[in-house]
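Heads up: the structure comes next, in structure tokens.
The values are calculated or read from the model by the stated rules, or taken from the named source; none is laboratory data. Since this is a predicted model, take the numbers as computed values, not measurements. With ideal geometry, Cβ positions are generated from the backbone for all residues, glycine too; neighbour counts draw on all protein chains shown.
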Amino acid sequence: MHSSKDHRWRRRVFRWGLWNLVYRFWFQMHVQGMENIPPGGPTIMMVNHIHVTDPGIMISFAPSGRDIVPLAKREAFEQPVIRYFVSNWGAIPIDRGEADTKALKAALWHIRHGDIVLFFAEGTRNREGMERGEEGSVYMALKANAVVVPVALWGTRGFPTTIWREFRTPPVHVCFGEPFRFKGGSGKRLPREHFRQMTDEAMYRIAAMLPPEWRGVYGDLSQATTEFLEFVDLDQGAAA
């Protein structure tokens, strides 16, 4: 499922509604690090996942006019309400728990045509803290030679009960971290353990931006390494 002119204008309408209706009355949005998102070129985002509203929050951003296109579990396209949004947005359906080459090819198409592809790096929601990341986002980043922007998101778990039980709108935080590339070429001949280490290194970059109670299995930041990460200076357009 690739982008079309219909998806473009529908995305603009959705974003307008999110910022002017949803956020105004339901969330207190706190955003940091937008300057870390490349204005162009192959780009993916890796983000933790706490609540069902997280994808809607992430797609509400349009850095430098670029659309953020998430991968969505195939079951979402079968659920009456959610199906409307993922279909009209042009999300990429993926079969969880298996190597879905069709979804990865679609993601690569979006990356090459200027969209930012969004990976929920754990593969599913984790309401008590981060779980180990899946390796598909690393493979895609290597395949596309994409810049990776790690993203930490928190504050959504209590929605919407905080509104009607506590009479307050929850503060939601989105923090875009320092961008990097993975070292390793196309990734086709890398040992499996290298993919695992790359994934964990990226996950630690996300964990470092989260409050300690949300870091989960990545709570010990002293274990973080950067052996396979090449940080990118966006002002120079090159690795730092």
Output the residue which, of all residues in the stretch 62-76 that are more than 10 Å from the chain's Cα centre (by Cα) and assigned to a strand (DSSP E or B), is surrounded by the most Cβ atoms within 10 Å (Cβ to Cβ). 72
Pairs please, first residue from the stretch 203-223 and free of Cβ contacts under 8 Å to residues at least 24 places away in the same chain and aromatic (Phe, Trp, Tyr), second anywhere and assigned to a helix (DSSP H, G or I) and loosely packed, with under 15 Cβ neighbours inside 10 Å, Cβ atoms under 9 Å, 6+ apart in sequence or on different chains. 204/221; 204/223
Looking at this structure, is residue 86 surrounded by 16 or more Cβ atoms within 10 Å (Cβ to Cβ), outside any loop (DSSP other than H, G, I, E, B), among the β-branched types (Val, Ile, Thr) and at pLDDT 90 or above? no
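Assess whether residue 56 counts as being small (Gly, Ala, Ser), assigned to a helix (DSSP H, G or I) and without any contact (Cβ under 8 Å) to a residue 12 or more places away in the chain.
no
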Of these, 63, 38, 55, 93, which one is in contact with a helix residue (DSSP H, G or I) (Cβ under 9 Å, 6 or more places away or on another chain), at pLDDT 80 or above and farther than 23 Å from residue 173 by Cβ? 93
Could you list all residues from the stretch 23-46 that are of a type in the set (Asp, Glu) and on the phi > 0 side of the Ramachandran plot? none
Only one of 59, 50, 44 is surrounded by 18 or more Cβ atoms within 10 Å (Cβ to Cβ) and more than 21 Å from residue 203 (Cβ to Cβ); which? 59
List the residue pairs whose Cβ atoms are under 7 Å apart, where the first residue sits in the stretch 115-140 and is within 16 Å of residue 210 (Cα to Cα), the second is of a type in the set (Ser, Thr, Tyr) and surrounded by 19 or more Cβ atoms within 10 Å (Cβ to Cβ), and the two are 6 or more positions apart or on different chains. 121/137; 130/218; 133/199
When the residues of the stretch 193-231 are narrowed to those that are among the small types (Gly, Ala, Ser) and surrounded by 17 or more Cβ atoms within 10 Å (Cβ to Cβ), which ends up farthest from residue 130 (Cα to Cα)? 202
Going residue by residue through the stretch 153-168, is there one that turns out to be closer than 25 Å to residue 50 by Cβ, modelled with pLDDT of 90 or more and surrounded by 18 or more Cβ atoms within 10 Å (Cβ to Cβ)? yes
Going by the conditions given, is residue 176 on the phi < 0 side of the Ramachandran plot and either modelled with pLDDT under 80 or aliphatic (A, V, I, L, M) (or both)? no
Considering the stretch 190-240 alone, what residues qualify as being more than 30 Å from residue 155 (Cβ to Cβ), hydrophobic (A, V, I, L, M, F, W, C) and assigned to a helix (DSSP H, G or I)? 195
